[in-house]
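Q: Encoded as C-alpha cells, here's the structure I'll be asking about.
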Amino acid sequence: MKAQPVCTFLLVAISAIGAGRAGLADTPPADHRRDMVRVLEAGGPHPSLADEAQVFGRFVGTWDVDYGERADGGKWTHYPGELIVGWVMDGRALQDLFISDPMTPGGERGMGTTLRYFDVKSKKWRVTYIEPVSDTVAQLSGGQEGDRIVLYGEGHQGSKLRWSFNDIKENSFTWRGERSRDGGKTWTLEEEHHMKRRGTSS
C-alpha cells in the first residue's frame, strides 16, 4: 500500500520528462543565418544622439514610394516601390532600404541601402549609399537646413551631388536628387521621389 504513491510519482515524473523532450523536439532550431540581422537592429536611438536623433529618426517605419527619374532629354519615368527605415548598431546609426517593384512580370525588384550616422566632430550626418546591381556607391554629409535636410557629396566625372528631404510632414515627404557640373553654381534635378507613410491617408 505504501509503495503505490511512490510508483505513481515516478510514472508522473517520467511522463513529464517525456513530454518536455517532445516539446524540445517540436521547437525549431535557431536559424543562425539570421543572427546578424537580429543583432543589427535596434529599438531606438542611442541616448548620446540627443536631439540629433530626430533629424532622420522621424523617418523610421515603412513608406510607399512614387519614384521619379528624369532622363537627359527631360522625360520623367515613374515607378512604385517602398522605403523601409530603422535604427541599427545599438541605435548609433540608421539604415534604410530603397526598394522598387519589378519592372516586368517575373523580374527582380531593385534595391539600394543607406547607412547614416552622426559625426560628433564635424557635427554632420555622414551618409553612404550602396546599390550593388548598378555598382553605385555615394558618400555625402550634411544635416538640417531650415525646414529641410540637405546632404552634399561628390559624383562621377567631377560633378557634385545634392540630396535633400523636402516638404517634411508627419506622414509624407519628398526626396530630391540633384547634380551640378559647374562646381555648385547651378543644379539639375535628376530624381524626385514622393513618400507616404504606409497605413495613412493622403
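The values are calculated or read from the model by the stated rules, or taken from the named source; none is laboratory data. All figures in this text were calculated on a predicted structure; none of them were measured in a lab. Because the Cβ atoms are built from the backbone with ideal geometry, glycine has one as well, and the counts that use them run over all protein chains shown.
Q: Working only within segment 47-62, note down all residues that are farther than 13 Å from Gly143 by Cβ and β-branched (Val, Ile, Thr).
A: Hits for segment 47-62 are Val60, Thr62.
Q: (1) in a strand (DSSP E or B); (2) β-branched (Val, Ile, Thr); (3) surrounded by fewer than 17 Cβ atoms within 10 Å (Cβ to Cβ): which one isn't true of Thr200, the others all being true?
A: Tallying (1) in a strand (DSSP E or B); (2) β-branched (Val, Ile, Thr); (3) surrounded by fewer than 17 Cβ atoms within 10 Å (Cβ to Cβ), Thr200 fails exactly one: (1).
Q: Looking only at residues that are more than 20 Å from the chain's Cα centre (by Cα) and of a type in the set (Asp, Glu) in segment 120-166, which one is farthest from Arg181 (Cα to Cα)?
A: Asp147
Q: Have a look at Gly107, Gly112 and point out the one that is free of Cβ contacts under 8 Å to residues at least 12 places away in the same chain and under 21 Å from Val65 (Cβ atoms). Explain how you work it out, then say what you get.
A: Details: Gly112 fails: free of Cβ contacts under 8 Å to residues at least 12 places away in the same chain.
Testing whether each residue is free of Cβ contacts under 8 Å to residues at least 12 places away in the same chain and under 21 Å from Val65 (Cβ atoms) leaves just Gly107.
Q: Moving on to the next point. Do the conditions hold for Asp66, that is, is it modelled with pLDDT of 95 or more, farther than 26 Å from Thr200 by Cα and not aromatic (Phe, Trp, Tyr)? Quick ask: steps written out before the conclusion?
A: Values: modelled with pLDDT of 95 or more: yes; farther than 26 Å from Thr200 by Cα: no; not aromatic (Phe, Trp, Tyr): yes.
Considered against the rule, which asks whether it is modelled with pLDDT of 95 or more, farther than 26 Å from Thr200 by Cα and not aromatic (Phe, Trp, Tyr), Asp66 comes out as no.
Q: Does segment 27-41 contain at least one residue that is surrounded by 16 or more Cβ atoms within 10 Å (Cβ to Cβ), at pLDDT 90 or above and within 26 Å of Ser172 (Cα to Cα)?
A: no
Q: Please tell me if Thr77 is exposed (fewer than 15 other Cβ atoms within 10 Å of the Cβ), assigned to a loop (DSSP other than H, G, I, E, B) and β-branched (Val, Ile, Thr). If you could, list the steps in order and put the result at the bottom.
A: Values: exposed (fewer than 15 other Cβ atoms within 10 Å of the Cβ): yes; assigned to a loop (DSSP other than H, G, I, E, B): no; β-branched (Val, Ile, Thr): yes.
Spelling it out, it is not the case that Thr77 is exposed (fewer than 15 other Cβ atoms within 10 Å of the Cβ), assigned to a loop (DSSP other than H, G, I, E, B) and β-branched (Val, Ile, Thr).
Q: Quick check on segment 169-193: of everything there that is surrounded by 17 or more Cβ atoms within 10 Å (Cβ to Cβ) and within 16 Å of Asp64 (Cβ to Cβ), which residue is farthest from the chain's Cα centre (by Cα)?
A: Glu192
Q: Could you list, in sequence order, the residues of segment 65-90 that are in contact (Cβ under 8 Å) with a residue 40 or more places away in the chain and within 13 Å of the chain's Cα centre (by Cα)?
A: The answer is Glu82, Leu83, Gly86, Trp87, Val88, Met89.
Q: Tell me which strands (runs of 3 or more DSSP E) are completely within segment 97-193 and hold 3 or more residues being polar (S, T, N, Q) and at pLDDT below 95, or say none if there are none. Don't jump to the end; show me each part of the working.
A: Numbers: elements: 110-119, 124-131, 136-145, 148-154, 160-166, 172-180.
Result: empty, no element qualifies.
Q: Something else about it: Restricting attention to segment 48-64, which residues are surrounded by fewer than 15 Cβ atoms within 10 Å (Cβ to Cβ), out of contact with any strand residue (DSSP E or B) (no Cβ under 8 Å at 6 or more places or on another chain) and in contact (Cβ under 8 Å) with a residue 24 or more places away in the chain?
A: The one that is surrounded by fewer than 15 Cβ atoms within 10 Å (Cβ to Cβ), out of contact with any strand residue (DSSP E or B) (no Cβ under 8 Å at 6 or more places or on another chain) and in contact (Cβ under 8 Å) with a residue 24 or more places away in the chain: Ser48.
Q: If I filter segment 105-114 for residues that are polar (S, T, N, Q) and farther than 19 Å from Trp63 by Cα, do I get at least one hit? If you could, list the steps in order and put the result at the bottom.
A: Let us first name the residues in segment 105-114 that are polar (S, T, N, Q), namely 113-114.
Imposing the further condition that a residue be farther than 19 Å from Trp63 by Cα reduces the set to none.
No, segment 105-114 contains no residue that is polar (S, T, N, Q) and farther than 19 Å from Trp63 by Cα.
Q: Now, a different point. Scan segment 182-202 and report the pairs whose first residue is in contact (Cβ under 8 Å) with a residue 12 or more places away in the chain and closer than 10 Å to Leu83 by Cα and whose second residue is of a type in the set (A, V, I, L, M) and surrounded by 12 or more Cβ atoms within 10 Å (Cβ to Cβ), with Cβ atoms within less than 7 Å and a gap of 6+ or a chain change.
A: Going by the 7 Å Cβ cut-off, the qualifying pairs are Met195/Val65; Met195/Leu83.
Q: Still on this structure: What number goes with the only condition from (1) surrounded by fewer than 11 Cβ atoms within 10 Å (Cβ to Cβ); (2) closer than 18 Å to Glu192 by Cβ; (3) polar (S, T, N, Q) that Thr114 does not pass?
A: Result: Thr114 fails condition (1) only.
Q: Looking only at residues in segment 121-162 that are within 28 Å of Ala50 (Cβ to Cβ) and out of contact with any strand residue (DSSP E or B) (no Cβ under 6 Å at 6 or more places or on another chain), which one is surrounded by the most Cβ atoms within 10 Å (Cβ to Cβ)?
A: In this case the residue turns out to be Gln144.
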